[in-house]
1. How many residues are free of Cβ contacts under 8 Å to residues at least 60 places away in the same chain and more than 28 Å from TYR173 (Cα to Cα) when one looks only at the stretch 187-206?
2. Given the conditions (1) out of contact with any Asp or Glu (no Cβ under 7 Å at 6 or more places or on another chain); (2) among the small types (Gly, Ala, Ser); (3) assigned to a helix (DSSP H, G or I), and given that ALA192 satisfies all but one, which numbered condition is not satisfied?
3. From the list ILE97, ILE106, exactly one residue is modelled with pLDDT of 85 or more and in contact with a Leu (Cβ under 6 Å, 6 or more places away or on another chain). Which is it?
4. Taking the options LEU117, LEU107, name whichever one is farther than 26 Å from ILE42 by Cα and of a type in the set (A, V, I, L, M).
5. Just to be sure before I move on: is LEU58 out of contact with any Gly (no Cβ under 6 Å at 6 or more places or on another chain), touching a residue at least 40 places away in the same chain (Cβ under 8 Å) and under 22 Å from VAL170 (Cβ atoms) in the structure I sent?
6. When the residues of the stretch 112-144 are filtered to those that are modelled with pLDDT of 90 or more and in contact with a Phe, Trp or Tyr (Cβ under 6 Å, 6 or more places away or on another chain), which remaining residue is farthest from GLY195 (Cα to Cα)?
7. Condition check: surrounded by 13 or more Cβ atoms within 10 Å (Cβ to Cβ), in contact with a helix residue (DSSP H, G or I) (Cβ under 7 Å, 6 or more places away or on another chain), more than 22 Å from LEU197 (Cα to Cα) and of a type outside the set (A, V, I, L, M, F, W, C). Does ASN71 satisfy that?
8. Have a look at LYS176, LYS128 and point out the one that is surrounded by 18 or more Cβ atoms within 10 Å (Cβ to Cβ) and not β-branched (Val, Ile, Thr).
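The values are calculated or read from the model by the stated rules, or taken from the named source; none is laboratory data. Computed from a predicted structure; not experimentally measured. Glycine also receives a Cβ, built like all others from the backbone with ideal geometry; neighbour counts cover every protein chain displayed.
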Amino acid sequence: MQPIFDYLFSQYSDYPTLFIILEIIAVIFGFLSVWYSKQNNILVYPTGIVSTMIFVYLLWQWELLGDMMINAYYFSMSIYGWYVWTRKVDDDHFTPITSTTRKEKILSVVIFTGTLLFVFGIYEWFDKWNNWTAYVDTITTAIFFVGMWLMARKKIENWIYWIIGDIISVPLYFYKGLTLTSLQYLLFTIIAIYGYLAWKKNLRNDLRPA
């Protein structure tokens, strides 16, 4: 058991205690945020804001620019999403779960492509193409940017992007030495699958005639 524990967590031996505590807190709030998203609960945003604020600080310290930008974007989109989710479409109903329109599908492609180009430019500017993970970062960043935008707009397709990005992130973060964050993304993958199924059921119920 000890060799397994050492293999998974040995990289933390050189980390400041504060960083370890902050990562644990960020992981817990990140888990809560995804869980509340699955439940279609507005608490997805305040819990997500706490998690992303901490990760922005930690990832800046670790010089993981792509990951830091993802979380900075999460923070801003959480504020936008909080507004959309609490906005009433009429006197009795809040913004419902819906599928993407043709226009939103096109915008998703534009956001994905624009993010790829933007992150590429950032890595080029800071000369961060020193590891193969940088190339994967550009892809996961683009995936998560679209997923977060769709989630803020309560589009069921957001879960597809989360599932793909989370699956890629599990081995990626483990390779980077962030075992706790890697485990977080493993849990995110499982919750995202259940989230998609729960939202799909909710969407079907909303489409039924009264």
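1. Result for the stretch 187-206: 4.
2. Among (1) out of contact with any Asp or Glu (no Cβ under 7 Å at 6 or more places or on another chain); (2) among the small types (Gly, Ala, Ser); (3) assigned to a helix (DSSP H, G or I), the lone unmet condition for ALA192 is (1).
3. ILE97
4. LEU117
5. On the way: out of contact with any Gly (no Cβ under 6 Å at 6 or more places or on another chain): yes; touching a residue at least 40 places away in the same chain (Cβ under 8 Å): no; under 22 Å from VAL170 (Cβ atoms): yes.
Judged against the criteria, LEU58 is not a match.
6. Here the residue is THR115.
7. Values: surrounded by 13 or more Cβ atoms within 10 Å (Cβ to Cβ): yes; in contact with a helix residue (DSSP H, G or I) (Cβ under 7 Å, 6 or more places away or on another chain): yes; more than 22 Å from LEU197 (Cα to Cα): yes; of a type outside the set (A, V, I, L, M, F, W, C): yes.
Yes, satisfied.
8. On the way: LYS128 fails: surrounded by 18 or more Cβ atoms within 10 Å (Cβ to Cβ).
Going through LYS176, LYS128 in turn, just one is surrounded by 18 or more Cβ atoms within 10 Å (Cβ to Cβ) and not β-branched (Val, Ile, Thr): LYS176.
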